[in-house]
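Just below is one structure, and these are the notes that go with it.
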Amino acid sequence: MMMTLEVVAVKLPPYSFPMIRTPACRTPRTFRPFFVSASTAAAPPASLSLGHLTRPDFPILHQEVNGSRLVYLDNAATSQKPITVLKALQNYYEGYNSNVHRGIHYLSAKATEEYELARKKVAAFINASDSREIVFTRNATEAINLVAYSWGLQNIKPNDEILLTVAEHHSAIVPWQLVAQKTGAVLKFVELNEDGVPDVDKLNDMLSKKTKLVVVHHVSNVLGSVLPIEDVTHCAHDVGAKVLVDACQSVPHMVVDVQNLNADFLVASSHKMCGPTGIGFLYGKSDLLSSMPPFLGGGEMISDVFLDHSTYAEPPSRFEAGTPAIGEAIGLGAAIDYLSGIGMRRIHEYEIELAKYLYDSLCSVPNIRIYGPVSTDQVYRAALCSFNVENIHPTDLATLLDQQHGVAIRSGHHCAQPLHRHLGVGASARASLYFYNTREDVDAFIHALNDTVTFFNSFK
C-alpha cells in the first residue's frame, strides 16, 4: 500500500545523508560567463563541462526555491530559455512588431523576413530538403492533429490499420482514436519486450498491406528508450504505409536528419528545445503536404475567395490559417541558432555521459524501480529516468524534493497512461536532464531523494 501525504506545510529538518562526493578530478562548482554562439572566437577550457559552460546563459537557473538552490530536472516537460532567446523576443516586440506577409511597410517586411528565416532555420536543423516542408503549428499536438484530420480522414478507410506502441504520448494516440471512430479504421498497439522497450521486431511482424500508418516516438518520454526509426520506416514503406514520428524528445537532444530517417511526417515542439511555448512544427514530405486539404480555414491559407467557393494556397501557407505566432517563431529561430552554436553532436555526447551518471546514481537508492532499458555501454538511454520507490507515492516524493530541497522533477503519468497501466502502476516520478545540467545537479538530486525516502520510511 502506498502512503499519500496530503500537505507539507512546514520545512522539516532533513536526515543527514552525506552528499555524494565528486571525484577529485571534477571541477568545483564555479561558473564564469560564457555565452555560446556560432561566432565564439576561442574554445573554452576543456576542464569545464558543457553544463558548467552554458548555465550562465539561463537566468532562471540562478535562484533559490524554498530556501535551496534550484535544481531543475524537469526538462522532458519543458526546457529553460537562454538569454539570446529572451532577447530575440524582446527585440521583435520592441523593434519590428507587425503582422507578416500582408504588409508593404518596413515593419511588416522585417517581421516577414525574420518569420520565414525561422522556417529556414528549422528546415536546416532537421535537414529537410526544402523550407516549404515545414509547417508552423501551436505545438506538436496540433501538428499531429493536422496530419490526422487533413491526411488521415482523406486516406484512411474502414478496416485500415494504424500501428502504434503502448508507449506513445496521449497526443499521438487520441487523434488517431478519433480518426478510427470516424473512418472505421483499427488501431493496433505494439507492447514492450523483455528489455522494457517497444518491441520493434513485433512491430515489423504486425505490418501488413492493411497498415496505412505507423505512429511512433523517436525517444520515449517515460522509458528513455530510443527507437531505430530508419528500420521502422524501411519496413513500413515496404508494405506501403506512411510513418509519423513524434520527435519531441529527440530533436532537442541529438542530430535528427529527416532525410536519413525517411519519415513521412515528423513533429516537434519549440519549448522543449530552448524556444518559446506556443509554437511547434510539422515536417511533411512535399508530395504529401501538396495532396492534403486545409486543416483550418481563414486568412493566409487561401489563394482566392469567392462567395460560393475558395481556392487554397500552396503549403505551408495552406496549413497556417490566420495570424501566426510570429514572435514565437522568431524565438524558435534564436533557439536553433543557440543550439547550433553549441553543436548537436556535442550536446548528445555530453548527455550520453550525464544520462549514464543519472541512471547509475539512481540505482544506488534502496527499493527503487527504474523503467525502461538497463543502461550499459552498449545500450544508450536518453537523459531521463522514470522511477518509483517502493511504498512511496511519486507525487509525495516530488512534493518533498521541491519543498525541502528545491529539486524540480515531474510526477504523474507523463501523458502516457496506457504505458503506466502496462507497467502496472498509476504514476511515476521522472528526472530529466538537459545540456545545462551537471553532475552536481545529479548529486544534489540523489542526496535529496535519499533524504526524502528516509523521511517517509521513518513512518513505517
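The values are calculated or read from the model by the stated rules, or taken from the named source; none is laboratory data. Given the structure is predicted, the values throughout are model-derived calculations rather than measurements. Backbone-built Cβ (ideal geometry, glycine too); neighbour counts: all protein chains shown. Areas reflect the complete protein model, heavy atoms only, side chains present, ligands, DNA and RNA absent. Shrake-Rupley method; radii C 1.70, N 1.55, O 1.52, S 1.80 Å.
A few comments on the model shown:
- Residues of the stretch 426-450 satisfying the condition of being open to solvent by 10 Å² or more (accessible area, probe 1.4 Å) and out of contact with any strand residue (DSSP E or B) (no Cβ under 6 Å at 6 or more places or on another chain): GLY426, ARG439, GLU440, HIS447, ASN450
- Exclusive hit being touching a Gly at 6+ places or on another chain (Cβ under 7 Å), open to solvent by 70 Å² or more (accessible area, probe 1.4 Å) and modelled with pLDDT under 95, set ALA24, ALA38, ALA9, ALA46: ALA38
- Filter pass, THR438 being in contact with a helix residue (DSSP H, G or I) (Cβ under 8 Å, 6 or more places away or on another chain), among the polar types (S, T, N, Q) and under 15 Å from LYS356 (Cβ atoms): yes
- Enumeration of residues in the stretch 67-106 that are of a type in the set (Phe, Trp, Tyr) and in contact with a Gly (Cβ under 7 Å, 6 or more places away or on another chain): TYR92, TYR93
- Check on ALA77, within 16 Å of LEU339 (Cβ to Cβ) and within 22 Å of the chain's Cα centre (by Cα): no
Table: residues versus (1) surrounded by fewer than 22 Cβ atoms within 10 Å (Cβ to Cβ); (2) under 22 Å from the mean Cα position of the chain (by Cα); (3) aliphatic (A, V, I, L, M); (4) assigned to a helix (DSSP H, G or I).
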{"site": "ARG346", "(1), (2), (3), (4)": "yes, yes, no, yes"}
{"site": "GLY372", "(1), (2), (3), (4)": "no, yes, no, no"}
{"site": "ARG381", "(1), (2), (3), (4)": "no, yes, no, no"}
{"site": "THR454", "(1), (2), (3), (4)": "yes, no, no, yes"}
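- Look at (1) touching a Cys at 6+ places or on another chain (Cβ under 7 Å); (2) part of a helix (DSSP H, G or I); (3) not acidic (Asp, Glu) and you find that ALA431 fails only one, number (2).
- Filter pass, SER270 being open to solvent by less than 10 Å² (accessible area, probe 1.4 Å), small (Gly, Ala, Ser) and in contact (Cβ under 8 Å) with a residue 60 or more places away in the chain: yes
- Residue check, GLU353 within 30 Å of ILE370 (Cβ to Cβ) and among the acidic types (Asp, Glu): yes
- Among residues of the stretch 232-263, those that are within 28 Å of THR78 (Cβ to Cβ), touching a residue at least 40 places away in the same chain (Cβ under 8 Å) and part of a strand (DSSP E or B), counted: 2
- Residues being open to solvent by less than 10 Å² (accessible area, probe 1.4 Å) and either over 11 Å from ALA448 (Cα atoms) or under 20 Å from the mean Cα position of the chain (by Cα) (or both) - total across the stretch 396-406: 1
- Pair list, Cβ < 8 Å and 6+ apart or interchain, from the stretch 160-179 residues that are of a type in the set (Val, Ile, Thr) to residues that are assigned to a loop (DSSP other than H, G, I, E, B) and crowded, with 20+ Cβ neighbours inside 10 Å: ILE162/ILE156; ILE162/ALA185; VAL179/ILE156; VAL179/ALA185
- For the stretch 348-370, the set of residues classified as assigned to a loop (DSSP other than H, G, I, E, B) and either open to solvent by less than 60 Å² (accessible area, probe 1.4 Å) or without any contact (Cβ under 8 Å) to a residue 24 or more places away in the chain (or both) consists of CYS363, VAL365, listed by residue number.
- Only listed residue being at pLDDT 95 or above, more than 27 Å from SER49 (Cα to Cα) and of a type in the set (Asp, Glu), chosen from ASP396, ASP337: ASP396
- Enumeration of residues in the stretch 68-100 that are under 27 Å from PRO252 (Cβ atoms) and assigned to a helix (DSSP H, G or I): ILE83, THR84, VAL85, LEU86, LYS87, ALA88, LEU89, GLN90, ASN91, TYR92, TYR93
- Enumeration of residues in the stretch 212-234 that are buried (at least 18 other Cβ atoms within 10 Å of the Cβ) and of a type outside the set (A, V, I, L, M): LYS212, HIS217, HIS218, SER220, ASN221, GLY224, SER225, THR233
- Every residue from the stretch 50-86 that is open to solvent by 30 Å² or more (accessible area, probe 1.4 Å) and not hydrophobic (A, V, I, L, M, F, W, C): PRO59, HIS62, GLN63, GLU64, ASN66, GLY67, ARG69, THR78, LYS81, THR84
- In the stretch 294-342, residue nearest to GLY284 (Cα to Cα) [restricted to those that are in contact with an Asp or Glu (Cβ under 7 Å, 6 or more places away or on another chain), hydrophobic (A, V, I, L, M, F, W, C) and surrounded by 20 or more Cβ atoms within 10 Å (Cβ to Cβ)]: MET301
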